[in-house]
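Step one of this worksheet: look at the structure below.
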Amino acid sequence: MACEYEVEFKATKTLENVEKDVKEVVEELKSKLLHPDDFNYTLKVSDDSINLKVKSLEKTATQFLLQLDKILKEKLGKKYKVGIKDFSLKNYIIEFEVTQEPMKPVKIPFADLKIEGKKATLLYKKLDETFVRRNGVERSIKLVEEKIAKQFYEGKGEYHEILYESPKREPLWKEDPTEEMLKRGWLVRGPTKGKWFLRPQIVSILKAMEEIVMDELVKPMGFQEVIGSNIISGDEIWKKTGHLEGMPMEIYYVAEPVTRNPEEWESFIDKLKITKEIPYDEFMKLIQIKPLQGLTYAQCPIIYWSFKNRVIPNEDLPLKIFDRTQNSFRYESGGRHGLERMDEFHRIEIVYIGTPEQMIKIRDEIIERYKHIFNNILEIEWRTAWVTPFYMQQSGEEFKQDYGQKVKGTIDFEAWLPYRGSREESEWLEFQNISIVGEKYTNAFNIKPQKGELWSGCTGIGLERWAVAFLAQKGLDPEKWPKNFRKYLKELPRGFRFF
Ligand code: ATP
Ligand code: ZN
Ligand code: MG
């Protein structure tokens, strides 16, 4: 680690005879460094600026400069009644070792980066004080490491270790249920990409599944229902959860009108009336994309947000919460397929907040209840697997798997879709998952217990994916469905007929 730079402190007025004092301050700070003997500098005071050229073995200049700035302000202020406006850097070069040699070139913004072997060099031609104060340099170095680590784990593919396999079940058919339901008019494609209009038949199936979740899991375990807003703030929520770093390309963004004054919309309305086309050039001027907002990606972020900066009485733990009202929106683009990959879908999300022991107990009880539902009510062939945690994918964080204890992390639930091929060779469908996320979100939103550690976890139940898993194995004929499921759905609604 080494760095060199030229820094200029700008004073509020002409500096006279301050050189000796400045030198004293620099010398004092230098003596406190880790490598004082390797700190070389030249000092020049001219007019209203103090210029320092430095070569040092410090990791970065940040700490030294912030201290220097503070002490100079005190000393020059007291003795000479001069203030320091700000400082800026030129030709700032930082050398550091990366832990692994990258497989392909790495780029970061604001700086020129060169990596040879494990030796990395960052060059900032110019840099301002704010960037330094906000630890921009340190974050950039961390980002370089993150980007290299990502090259390695992306090459490896997703981690996947099977934990449980259900009894084998012979499928009743091998068709793609979405295609078949489209033919029968149980649903229709929606007016925009990846959206669907669900008709009574498929709705009755989703509602039956929701009822099963209520009866077998939510009610007996005492989860309390909340309703979150569907519009999520980038600054308040997604910056904290990491979604903007991990998933910005999957978010549906929302724009507010610039004004609700009808006069300002007059021209838009008139053009629309005359041409019968949406005047997009007018429209672009009438909507605002700042501040960044978007539609729900998953329900848990806003649930955590609702507890931000709160202290929870220990005797009230664990908190057990669920939301089944917010829809989830994801821009899936080329990956879309049927009800298993839509851009707007329906999830029940269950969140639990409490001590580490409580989190493990709740997760394990939920898994037992799921097992009962899938084996004895839906009677599907399914399995669970320990996988790359969703919150790492969703925040773009470095991938560190808890292989051994399997406490913090994600378990996926997967079902065989016979229409995709044999149970051995085809890709199974992840139809839900369950996680313990440790302190990730309680820290992000500063949620505290009176004492001890506060963890949390969640499980997202994708109703359309449940339906696909069930229908792909059991077909569309209610007569042939398992009898325990039929208790929840005696017969399908008639739906609509058309000439
Ligand atoms: P995938 O890897 O299939 O994209 P994911 O890891 O993005 O899934 P999560 O963010 O973990 O999924 O969401 C939890 C649950 O939400 C999934 O288990 C699934 O039931 C449901 N889900 C996710 N994406 C979709 C989608 N595009 N369409 C329907 N359901 C979905
Ligand atoms: Zn969640
Ligand atoms: Mg996804």
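The values are calculated or read from the model by the stated rules, or taken from the named source; none is laboratory data. This structure is a prediction, so every number in the text was calculated from the model and none was measured. Heads up, the Cβs are rebuilt from the backbone with ideal geometry, glycines too, and the neighbour counts pull from every protein chain shown.
Things to note:
- Residue in segment 204-220 that is surrounded by 15 or more Cβ atoms within 10 Å (Cβ to Cβ), acidic (Asp, Glu) and either within 16 Å of ligand 2 (Cβ to nearest atom) or in a helix (DSSP H, G or I) (or both) present: yes
The rows are residues; the columns are (1) modelled with pLDDT of 95 or more; (2) outside any strand (DSSP E or B); (3) closer than 19 Å to residue 451 by Cβ.
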| site | (1), (2), (3) |
| --- | --- |
| 322 | yes, no, no |
| 325 | yes, yes, no |
| 339 | yes, yes, no |
| 350 | yes, no, no |
| 353 | yes, no, yes |
| 357 | yes, yes, yes |
| 364 | yes, yes, no |
| 367 | yes, yes, no |
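- Close pairs from segment 288-305: first more than 12 Å from residue 228 (Cβ to Cβ) and more than 16 Å from ligand 3 (Cβ to nearest atom), partner of a type in the set (D, E, K, R) and in a strand (DSSP E or B), Cβ under 8 Å, at least 6 apart: 288/256; 293/256
- Matching residues, segment 433-486, being assigned to a strand (DSSP E or B) and either buried (at least 21 other Cβ atoms within 10 Å of the Cβ) or without any contact (Cβ under 8 Å) to a residue 40 or more places away in the chain (or both): 434, 435, 436, 437, 438, 455, 456, 457, 458, 459, 461, 462
- Checking segment 376-383 against the condition returns no match, with no residue being closer than 28 Å to residue 167 by Cα, buried (at least 16 other Cβ atoms within 10 Å of the Cβ) and within 16 Å of ligand 3 (Cβ to nearest atom).
- If you go through segment 245-272 and pick out every residue that is in a helix (DSSP H, G or I) and modelled with pLDDT under 95, you end up with 2.
- Residues in segment 337-348 that are more than 16 Å from ligand 2 (Cβ to nearest atom) and either in contact with a helix residue (DSSP H, G or I) (Cβ under 6 Å, 6 or more places away or on another chain) or within 24 Å of residue 301 (Cα to Cα) (or both): 338, 339, 340, 341, 342, 343, 344.
- Within segment 423-452, being more than 16 Å from ligand 3 (Cβ to nearest atom) and more than 19 Å from residue 303 (Cα to Cα) holds for 423, 424, 425, 426, 450, 451, 452.
- Only one of the numbered conditions (1) within 16 Å of ligand 2 (Cβ to nearest atom); (2) farther than 23 Å from residue 217 by Cα; (3) modelled with pLDDT of 90 or more is not met by residue 457, and that is (2).
- Restricting attention to segment 193-213 and to residues that are in contact (Cβ under 8 Å) with a residue 60 or more places away in the chain and closer than 22 Å to residue 252 by Cβ, the residue that is farthest from the chain's Cα centre (by Cα) turns out to be 206.
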